[in-house]
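S.K.: Quick one: this structure, given as structure tokens, is what I'll be asking you about.
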Amino acid sequence: MSSTSQRDLGNSGSPIEDELEDAFNRMVDEGTQRLHRSWREVLVTGAFGGTDVAMGVLAYLAVLHATGNQLLAGLAFSIGFLALLLGRSELFTEGFLIPITTVAAKRASVGQLLKHWSGTLVANLAGGWVLMWLVMQAFPRLHEQTVESAAHFVTAPLSLETVTLSLLGGMAITLMTRMQHGTDAMVGKIAAAVAGAFVLAGLQMFHSILDSLLIFGALHTGAAPFGYLDWLRWFGYVVVGNIVGGFTLVTMLRLLRIKDRVQEEREEAQSP
């Protein structure tokens with residue numbers, strides 16, 4: 001089907017389906033606002049993202065401690081993703097689909113994307129580190145479970161299994177973002193957050209922020225058999241795997257699907 005006939009079939013006059021056109025406009029509008037934030041706004045929003053996820057980690061640990069059921073604990077972790085959604089905070093690994101699409105559409109620069117990524121990543125880790133210290137002081141009964149859960153990730157050797165778990169972790173959260181921006185209905189957005197948490201935390205995929213907060217919690221107990229250097233070695237390959245997974249398995253495919261619409265947006269952005 002040619003672009004011209006595709007335009008004639010829909011109501012929007014776009015070279016893509018009306019639903020994709022709506023989702024594309026939502027992504028670019030939101031991405032433009034996010035990537036034009038000041039450093040202060042990026043850091044504060046990222047810090048909130050870290051504390052929101054830490055509350056999800058607390059729920060995850062509490063349910064896992066009480067039931068021993070990993071899948072139920074994954075559902076409990078959805079509290080963190082719901083807080084991100086409803087509180088409008090920012091998680092580093094959410095920053096693939098929307099910001100990259102915005103840069104591809106020439107509505108923001110690569111430099112603004114790098115500022116967004118670096119500021120959000122550092123602020124996520126800092127905010128989460130602080131809140132996990134508070135959690136460990138408030139809930140000493142969760143110390144043993146926290147150390148055990150964190151050790152599953154930080155002591156895992158670099159292997160085909162751990163690399164693929166990192167790729168899938170990046171894909172899972174980027175897919176969650178794609179689902180949330182595919183609808184205007186809040187019920188659908190909430191369902192996507194719960195589903196994302198179930199897959200990501202319930203199946204113990206490797207996620208650079210979520211699992212780092214677990215590791216920070218274990219380190220705060222003073223009983224962890226590993227240290228910050230062990231975390232840094234683990235974090236180095238997991239964050240790369242998350243980026244590659246989120247970009248190649250979701251973002252790049254979506255860009256290929258809407259490439260004609262992206263090209264139109266680029267031409268409009270570059271026109272005087």
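The values are calculated or read from the model by the stated rules, or taken from the named source; none is laboratory data. All values derive from a computational prediction rather than experimental measurement. We place every Cβ from the backbone using ideal geometry, glycine too, and count neighbours over all the protein chains shown.
S.K.: Which of the residues spanning the stretch 118-163 are of a type in the set (Ser, Thr, Tyr), assigned to a helix (DSSP H, G or I), surrounded by fewer than 20 Cβ atoms within 10 Å (Cβ to Cβ) and touching a residue at least 24 places away in the same chain (Cβ under 8 Å)?
M.R.: Step one: of the stretch 118-163, the residues of a type in the set (Ser, Thr, Tyr) are 118, 120, 146, 149, 155, 159, 162.
Of the ones still in play, those that are also assigned to a helix (DSSP H, G or I) are 118, 120, 146, 149, 162.
Those left that are additionally surrounded by fewer than 20 Cβ atoms within 10 Å (Cβ to Cβ): 118, 162.
Result: Thr162, single match.
S.K.: Out of Phe216, Phe198, Phe226, which single residue is more than 12 Å from the chain's Cα centre (by Cα), under 30 Å from Val28 (Cα atoms), of a type in the set (Phe, Trp, Tyr) and buried (at least 16 other Cβ atoms within 10 Å of the Cβ)? Let's see the steps before the verdict.
M.R.: Details: Phe216 fails: under 30 Å from Val28 (Cα atoms); Phe226 fails: under 30 Å from Val28 (Cα atoms).
That would be Phe198, the only listed residue that is more than 12 Å from the chain's Cα centre (by Cα), under 30 Å from Val28 (Cα atoms), of a type in the set (Phe, Trp, Tyr) and buried (at least 16 other Cβ atoms within 10 Å of the Cβ).
S.K.: Can you name every residue in the stretch 170-215 that is aliphatic (A, V, I, L, M), touching a residue at least 60 places away in the same chain (Cβ under 8 Å) and either touching a strand residue (DSSP E or B) at 6+ places or on another chain (Cβ under 6 Å) or not in a helix (DSSP H, G or I) (or both)?
M.R.: Leu203, Ile209
S.K.: Return the residue satisfying two criteria in turn: it lies in the stretch 232-272 and is outside any helix (DSSP H, G or I) and surrounded by fewer than 20 Cβ atoms within 10 Å (Cβ to Cβ), and of such residues it is modelled with the highest pLDDT.
M.R.: Initial filter on the stretch 232-272 (outside any helix (DSSP H, G or I)): 258, 271-272.
Next cut, surrounded by fewer than 20 Cβ atoms within 10 Å (Cβ to Cβ) only: 271-272.
Numbers: Ser271: 72, Pro272: 62.
Applying the filter and picking the extreme gives Ser271.
S.K.: Working only within the stretch 36-67, note down all residues that are in contact with a Lys or Arg (Cβ under 8 Å, 6 or more places away or on another chain) and within 17 Å of Gly95 (Cβ to Cβ).
M.R.: Within the stretch 36-67, Trp39, Val42, Thr45 meet the criteria.
S.K.: I've got another one for you. Can you tell me which condition Ala108 does not meet? The list is (1) of a type in the set (Gly, Ala, Ser); (2) under 21 Å from the mean Cα position of the chain (by Cα); (3) part of a helix (DSSP H, G or I); (4) over 22 Å from Ser208 (Cβ atoms), and all the others hold.
M.R.: Just one mismatch for Ala108, condition (3).
S.K.: Turning to a different aspect of this structure: Determine whether the stretch 78-95 contains at least one residue that is touching a Lys or Arg at 6+ places or on another chain (Cβ under 8 Å), of a type in the set (Val, Ile, Thr), over 20 Å from His143 (Cα atoms) and surrounded by 18 or more Cβ atoms within 10 Å (Cβ to Cβ).
M.R.: No.
S.K.: Spot the failing condition for Gly50; the list is (1) at pLDDT 95 or above; (2) not in a helix (DSSP H, G or I); (3) not basic (Lys, Arg), and only one is missed.
M.R.: Every condition holds for Gly50 apart from (2).
Each row is one residue, and each column tells you yes or no for (1) outside any helix (DSSP H, G or I); (2) touching a Gly at 6+ places or on another chain (Cβ under 7 Å).
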residue: Ala59; (1), (2): no, no
residue: Val63; (1), (2): no, no
residue: Ile79; (1), (2): no, yes
residue: Glu90; (1), (2): yes, yes
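S.K.: Go through (1) modelled with pLDDT under 95; (2) in a helix (DSSP H, G or I); (3) surrounded by fewer than 23 Cβ atoms within 10 Å (Cβ to Cβ); (4) not aromatic (Phe, Trp, Tyr) one by one and return the number of the condition Met27 breaks.
M.R.: Just one mismatch for Met27, condition (3).
S.K.: Could you pull out the residue among Ser159, Ser149 that is out of contact with any Lys or Arg (no Cβ under 8 Å at 6 or more places or on another chain), over 19 Å from Ala201 (Cα atoms), among the hydroxyl-bearing types (Ser, Thr, Tyr) and modelled with pLDDT of 95 or more?
M.R.: Ser159
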